[in-house]
Amino acid sequence: MEKKRSVAFHTLGCKLNFSETSTLSRMMEQKGFEKKEFDDFADVYVINTCSVTDNADKECRQLVRRIQRKAPESFVVITGCYAQLKPEEIVRIPGVDLVLGASEKFNIMEHIAQLTKGDEGKICSCEIEEVTGFNASYSMNDRTRSFLKVQDGCDYNCSFCTIPMARGKSRSDNVANVVRNAIDLAADGVKEIVLTGVNLGDFGKGPDGNLKYEEDFFKLIQALDKVEGIERYRISSIEPNLLTPEIIEWVSKSKKFMPHFHIPLQSGSNEILKQMRRRYKKELYQERVAMIKNLMPYCSIGVDVIVGFPGETNEHFQETLQFLHELDVSYLHVFTYSERPDTKALEIKPVIPINIRNERNKILRNLSYQKLQYFTAQHSGENRKVLFENFEKNGMMEGYTDNYIRISAPYKSEWTNLVMEWTL
């Protein structure tokens with residue numbers, strides 16, 4: 001009897017990558033592969049990469065070296081954003097057998113079938129302009145929540161970002177397919193779906209990047225709200241200019257869409273926003289937050305911010321700090337600007353020294369901690385609904401309230417995947 005081959009996955013980066021890794025894993029398991037943990041021995045290791053920051057690139061190289069020490073005869077496959085942007089760089093890493101670009105990652109089985117250990121590393125990719133088509137993906141069995149990919153690519157071309165070069169132009173699934181996937185997830189017992197995409201609010205462009213079916217993100221959430229079995233939805237991240245008043249109002253009235261938004265800001269200075277090529281001013285951001293809090297005072301709002309962008313003077317940073325301090329938001333995701341090849345931001349001067357970037361990051365992370373403590377304290381004593389995850393650590397389990405407050409409790413298996421009342 002032929003020995004069953006095994007595969008192990010490691011995911012770097014965003015929720016979108018997690019949804020795609022989970023789908024690749026299911027594809028390979030259906031073809032007879034046994035799934036292993038990444039720290040175990042496997043015949044094939046697949047690393048799904050990110051390239052938003054320099055650290056993600058470095059981590060990919062470190063992971064390959066780790067596999068080489070542990071399992072030098074195993075195959076190493078690299079896919080994801082870094083693989084699309086820098087295939088020649090990756091294929092030169094000792095131990096890498098296969099690099100799959102954006103157009104080829106979902107053809108992983110046929111490429112692996114052609115591999116022979118000892119051959120030169122192989123690149124299967126194309127120019128990003130040639131990438132069309134949409135591959136639906138969702139995570140399963142990883143957590144109680146499922147990340148459901150509904151959109152891919154981006155047309156925005158912000159000056160600091162490589163994502164359009166890594167994932168291509170904006171394109172999405174259609175409403176009917178997304179609803180079918182949600183129904184399948186409900187049948188498998190999933191209680192919460194997190195809608196994911198590169199530019200989620202741009203949903204509605206067909207697989208070739210053109211508008212199709214006259215569908216948009218608002219129509220999508222209205223349709224998903226009717227799916228039986230799914231108790232909770234979250235919107236992973238949505239641009240402030242695409243977070244329309246009608247979407248906010250709908251969420252405020254929906255029993256299934258959670259009072260939780262994650263809205264990228266990037267800077268609280270209009271001058272820096274312009275240099276970043278963002279499509280809004282801070283005043284619009286302020287209006288969106290005010291509307292959310294007016295309709296849902298209990299709503300959690302997360303914010304993405306970049307510090308140390310080229311040209312960000314101390315005055316610009318203080319403007320951002322003051323803006324965020326006064327804004328009624330719950331937590332910040334703070335990113336230290338890192339230079340990415342072939343981006344317009346490289347032309348902007350002056351470059352901010354690394355030590356100043358790190359100092360600004362620390363200041364905003366401290367503010368985030370204070371914001372989260374304050375938001376959590378505001379809801380102390382309230383009864384809110386919590387969904388506990390199927391994960392035990394040191395005898396404890398975790399879950400999130402509807403408005404995204406993390407709860408820890410002694411592990412009880414009967415609480416897993418159960419939405420229950422909890423006193424904060």
Out of V76, V91, report the one residue that is of a type in the set (V, I, T), farther than 17 Å from R340 by Cα and touching an Asp or Glu at 6+ places or on another chain (Cβ under 6 Å). V76
Please specify each residue of the range 69-93 satisfying the condition of being surrounded by fewer than 17 Cβ atoms within 10 Å (Cβ to Cβ) and under 25 Å from F33 (Cα atoms). R69, K70, P72, E73
Inside the range 377-401, the number of residues satisfying the requirement of being under 26 Å from S413 (Cα atoms) and either part of a helix (DSSP H, G or I) or of a type in the set (A, V, I, L, M) (or both) is 4
So which residues in the range 407-422 are in contact (Cβ under 8 Å) with a residue 60 or more places away in the chain and under 17 Å from E382 (Cα atoms)? V419
Selection over the range 303-314 where residues are farther than 13 Å from S159 by Cβ and either without any contact (Cβ under 8 Å) to a residue 12 or more places away in the chain or surrounded by 21 or more Cβ atoms within 10 Å (Cβ to Cβ) (or both) yields a count of 6
With the range 84-168 as the region, which strands (runs of 3 or more DSSP E) entirely inside it contain at least 2 residues that are in the same structural domain as G204 (by TED's automatic domain parsing) and touching a Leu at 6+ places or on another chain (Cβ under 7 Å)? 145-149
Report, by residue number, each residue of the range 170-196 that is buried (at least 24 other Cβ atoms within 10 Å of the Cβ), within 17 Å of E215 (Cα to Cα) and among the aliphatic types (A, V, I, L, M). V178, L195
Would you confirm, using the coordinates I've provided, whether Y369 is in contact (Cβ under 8 Å) with a residue 12 or more places away in the chain and either touching a helix residue (DSSP H, G or I) at 6+ places or on another chain (Cβ under 7 Å) or not polar (S, T, N, Q) (or both)? no
Counting only residues in the range 394-412 that are of a type in the set (S, T, N, Q) and loosely packed, with under 15 Cβ neighbours inside 10 Å, the one modelled with the highest pLDDT is identified as S408
R167 modelled with pLDDT of 90 or more, basic (K, R) and surrounded by fewer than 19 Cβ atoms within 10 Å (Cβ to Cβ): no
Just to be sure I understand, how many residues within the range 367-396 are in contact with a strand residue (DSSP E or B) (Cβ under 8 Å, 6 or more places away or on another chain), farther than 22 Å from I193 by Cα and among the aromatic types (F, W, Y)? 1
Would you point out which residue out of N135, N107, N48 is touching a Gly at 6+ places or on another chain (Cβ under 9 Å) and within 28 Å of A186 (Cα to Cα)? N48
Every residue in the range 397-424 that is charged (D, E, K, R) and in contact with a strand residue (DSSP E or B) (Cβ under 8 Å, 6 or more places away or on another chain), please. E398, D402, R406, K412, E421
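The values are calculated or read from the model by the stated rules, or taken from the named source; none is laboratory data. The structure displayed is predicted, hence computed values, not measured ones. Here the Cβ is made from the backbone with ideal geometry for all residues, glycine too, and neighbour counts use every protein chain on show.
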